[in-house]
Amino acid sequence: MEFAAAALSSLASGLGGAATAATSAVSSVGTAIGGASTFASILQGGAGLVGAMSAVRSGDAQAEALRQSALDAEQDRRAVGVDSINQQTSLRKALIQSLGERDVAYAASGVDTSFGTPAVARQAAEADTQNALSQVQDDTAAKQARLSARAASYRQQASEASSAGWIKGVGSILTAGAGILGRK
């Protein structure tokens, strides 16, 4: 009987050791799982941060491209003004040359250019040139206004693109944070 009691005692102590070993193993697995969860949280947080930085940079790059488009529109507006001045100068030169040729032709024929048909022709040519100049000026003003509006629109879009990048970045960080908190 004593032998049986010793055997049972030995078996119980062996089982206790096994239970201690099992408890230790479960604790180690739990620590490993907790470590894995921490590692996954760190990875998720890092990915959220990288996503945020990427969104901000993307927004800034888009904003810079739009700012360059605004500068191009402003340069086009100035170029339209220069073209208008050149066109108006050409019209004035053509008028002067036309009037000079007519005056020479009338004078060669012995006609007085100060009254009558030559004077009426001169006034008509000047009126036509003035109408053409007005049309060039109106067209130029319209083109410049359109280009100024386009530049302003590009600047507004640039501001919105930059803001959108920041908003997406903050959203990325908040999404990562929510995922991390959901993991715990």
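No lab work stands behind these numbers, since they all come straight from the coordinates. As the structure is a prediction and not an experimental result, all values here were calculated from the model. As a convention, Cβ positions derive from the backbone with ideal geometry for all residues, glycine included, and neighbour counts pool all protein chains shown.
Results, tabulated for the structure shown:
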quantity	calculated
Cα centroid separation, region 105-143 to region 152-184 (Å)	63 Å
Label-point separation in nm, ASP72 to ALA127, each point 7 Å along Cα→Cβ	4.5 nm
Value of Rg/Rh across region 34-79 [Cα atoms, Kirkwood radius]	1.49
In region 107-184, chymotrypsin sites (Phe, Trp or Tyr not before Pro) in a DSSP loop with at most 15 other beta-carbon atoms within 10 Å	PHE115
Cα convex hull of region 30-184 - mean projected area over all directions, nm²	11.2 nm²
Region 30-184: relative contact order in percent, alpha carbon pairs under 8 Å with at least 6 residues between	56 percent
Alpha carbon convex hull of region 105-184, volume per residue in cubic angstrom	80 Å³
Gained length - ALA108 relative to ALA141, 0.36 nm times residue gap less alpha-carbon distance	7.6 nm
Dimensions in Å of region 117-164 - Rg and Dmax from alpha carbons	20.7, 70
Rg/Rh ratio calculated on Cα atoms of region 62-131 (Kirkwood radius)	1.41
